[in-house]
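The block underneath contains the structure these notes are about, expressed in structure tokens.
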Amino acid sequence: MFNKEGIPFFTIIIPFFTIIFVSFMATSYYLKLSEESFQKDIIEAKKIYKKANKNEEQLNTFIEKKIEIKTEQDDLFKDFMFALTLVVIVFMVLFTFLMISIIKDVIKKYKKQVEYRENELKALNENLFIKVKQGIEEAKQKDRKILEQAKLARIGSMISMIAHQWRQPLSQLSGILMELETTTRFKKVDEKYILNAIEKSDKMIEFMSNTIDDFRNFYKPDKKKEDFLVSNACKKAINIIDATLENLGIELSLNIKEDKSIYGYPTEFAQVILNIISNAKDVLVEKNIKNPKIGLNIESKGVLSIITIKDNAGGIGEKNLELIFDPYYSTKDSSKGTGLGLYISKLIIERNMGGELSVYNDEEGAVFKIVIAG
């Protein structure tokens with residue numbers, strides 16, 4: 001039905017067939033009417049000639065003349081119809097060629113528009129691919145910066161907590177050395193006293209060395225998932241920060257209603273607990289709360305382990321509740337926080353371990369809630 005230019009074939013052929021058909025039908029119909037009229041005229045002429053008592057020879061001569069005239073008229077009509085049909089066909093041929101030319105131009109313009117749009121779409125896709133690639137690279141760089149800043153923040157926090165952990169043993173070592181110096185000056189020192197002082201000092205140094213190992217292992221990333229008790233991970237975090245809390249006069253209570261084993265990264269989970277407790281500690285100190293308290297509650301419901309960490313610092317503002325887990329968002333002074341701790345904590349719980357970390361306020365303060373399947 002279509003030629004190579006995409007122009008419908010019937011737009012060229014059907015008009016010609018229509019013209020020829022109409023011309024043929026008109027000629028046939030005219031000749032039929034003319035023949036019927038001629039026969040009537042012949043019958044009437046015969047009647048008239050009979051009434052006029054004309055001879056048959058005259059009648060035949062009259063009829064022959066009539067037939068001759070009719071034949072000439074029919075030939076003239078046929079010639080006229082042929083000429084008219086030819087003229088119309090020529091006109092239609094010219095008109096068809098004109099229409100074909102117009103349609104070709106329209107099709108060419110349409111093809112150019114389609115080609116232009118395709119090129120535009122191709123360019124847009126290429127630009128989009130480049131932009132997506134750039135966006136992915138920027139996101140990777142941003143993630144690397146976030147991790148780097150988080151590492152620096154952890155180092156600062158670790159140094160601060162090590163200092164708190166070492167404060168007491170250092171004080172005890174200083175006391176031992178002062179006693180040893182005093183007894184030496186007054187010449188009351190003996191071998192037993194010296195050995196006892198050395199033993200006490202060794203215990204203090206061993207405690208400090210173990211503290212370094214605990215911190216190093218605590219911040220070492222987990223390579224694979226494993227089953228671990230929620231309480232063990234929480235205690236691991238508490239052991240890191242308990243000296244700091246004790247030094248600041250903050251009471252930390254651990255309430256284990258029902259312990260449960262979960263599958264995930266124990267060190268990362270402990271880091272989340274430590275980060276939330278550390279944030280609560282900072283808020284309690286910043287607001288100078290009397291009788292500051294932090295409560296850590298562990299319970300289970302079916303296959304779920306539920307860990308809540310709450311404080312009595314008065315809660316988080318409604319506007320801040322919606323933004324608290326966003327990266328670089330912090331209610332602390334810029335010198336005290338990067339705004340990455342809770343963001344990374346949420347990634348660990350939700351992306352790495354398939355759980356949920358949320359926050360809400362109760363009558364005393366903020367409550368962070370971790371829900372994770374065993």
Exercise for the section: Taking 7 Å along the Cα-to-C-beta vector as the label spot, tell me the MET92-ALA123 distance in nanometres, rounded to one decimal. Expected result: 4.7
Exercise for the section: Can you tell me how much longer the chain between PHE82 and VAL189 gets when fully stretched, taken as 0.36 nm per residue apart minus their C-alpha distance, in nm with one decimal? Expected result: 23.7 nm
Handout entry: Separation in nanometres of the label points that stand 7 Å from Cα toward Cβ, at ARG144 and ILE43
Key = 11.1
Practice task
Roll a 1.4 Å probe over the protein heavy atoms and report the accessible area of TYR116 in Å², nearest 10.
Solution key: 130
Practice task
Take the cross-link list LYS301/LYS346; LYS290/LYS346; LYS111/LYS131; LYS142/LYS236 and give me the ones stretching past 24 Å between alpha-carbons.
Solution key: LYS290/LYS346; LYS111/LYS131; LYS142/LYS236
Problem - Cα gyration tensor shape of region 246-321, rounded if a/c is under 1.5, else prolate or oblate by comparing a/b with b/c - result: prolate
Exercise for the section: Would you kindly derive the ³J(HN,Hα) couplings of region 98-111 from the backbone phi angles with the Karplus curve 6.51 cos²θ - 1.76 cosθ + 1.60 (θ = phi - 60°), listing them in order in whole Hz, with x for Gly and Pro? Expected result: 5, 5, 4, 4, 5, 5, 4, 4, 4, 5, 4, 4, 5, 4
Handout entry: By average C-beta atoms within 10 angstrom, highest first, the peptides 253-264, 126-137
Key = 253-264, 126-137
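The values are calculated or read from the model by the stated rules, or taken from the named source; none is laboratory data. Quick caveat: nothing in here was measured; it's all calculated off a predicted structure. Cβ coordinates were reconstructed from backbone atoms using ideal geometry, including for glycine residues, and neighbour counts include every protein chain displayed. Surface areas here come from the heavy atoms of the whole protein model, side chains and all, with no ligands, DNA or RNA. Shrake-Rupley method; radii C 1.70, N 1.55, O 1.52, S 1.80 Å.
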